[in-house]
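Read the structure below first, then the notes.
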Amino acid sequence: TASTLTVTLYPSNAFLFLVNNGAGVNASNAQWAPTASTGVVIAGATSALTYLLNPGTYSYLVELTGYYPVSGSITLTAGTPTSMSITLFLSSNYDIYTPLYAFSNAQLAALAVSGSGTSSSPYVMPSAQGTLLNATFGVVNDYTYPVFDGVFFVNTTDYTIITAPALSYLAPFAGPYALFYQKIYGFPA
């Protein structure tokens, strides 16, 4: 019998990774649990999502640029609904460490370092990258297309200023295909 996990996230465009191992999330085992476009927006930038999962202990990692990441584990029991509420807290630095995704004006506001979204005071998106992006965001699919875009705004209408960041990833590629990704796609060695 499966378990249901209901996750309430603030901000709703945070990236949620779940792994059925209880031992932590890393670049080689991370499984992205899509949130922003499929979640039910409760109010502003808060969303609630329900996942149907096998029983067991899951590790989770929640990240969003401009906020402190949150990680931990949760145990799911067969047939027992479980809920988890995660609120990310603003970081003192606005360095980019995740892609910038927003599916609503409230989510734009959650990412902005300043502004109010008007023509006279547009939202200003972060543009500095103090550390490398987590290697999880540098993965490619079976057809060697990147899984995560660097900036992805959909269904937004507020005024926004974006200064294109030069995003760098930790290199998750090793082995026989590493040279291919480095030469063809410019991934770091």
Return yes or no: is residue 74 closer than 27 Å to residue 124 by Cβ and either modelled with pLDDT of 90 or more or part of a strand (DSSP E or B) (or both)? no
Looking only at region 83-99, which residues are in a loop (DSSP other than H, G, I, E, B), among the polar types (S, T, N, Q) and in contact (Cβ under 8 Å) with a residue 12 or more places away in the chain? 91, 93, 98
The residue from 1, 80, 65 that alone is outside any strand (DSSP E or B), at pLDDT below 85 and of a type in the set (Val, Ile, Thr) is 1
Which ones in region 100-135 are assigned to a loop (DSSP other than H, G, I, E, B) and either outside the structural domain of residue 156 (by TED's automatic domain parsing) or at pLDDT below 90 (or both)? 103, 104, 126, 127, 128, 129, 130, 131, 132, 134
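The values are calculated or read from the model by the stated rules, or taken from the named source; none is laboratory data. The structure presented is a predicted model; accordingly, all values stated were derived computationally and were not measured. Using ideal geometry, Cβ is built from the backbone for each residue, glycine included, and neighbour counts are taken over all protein chains shown.
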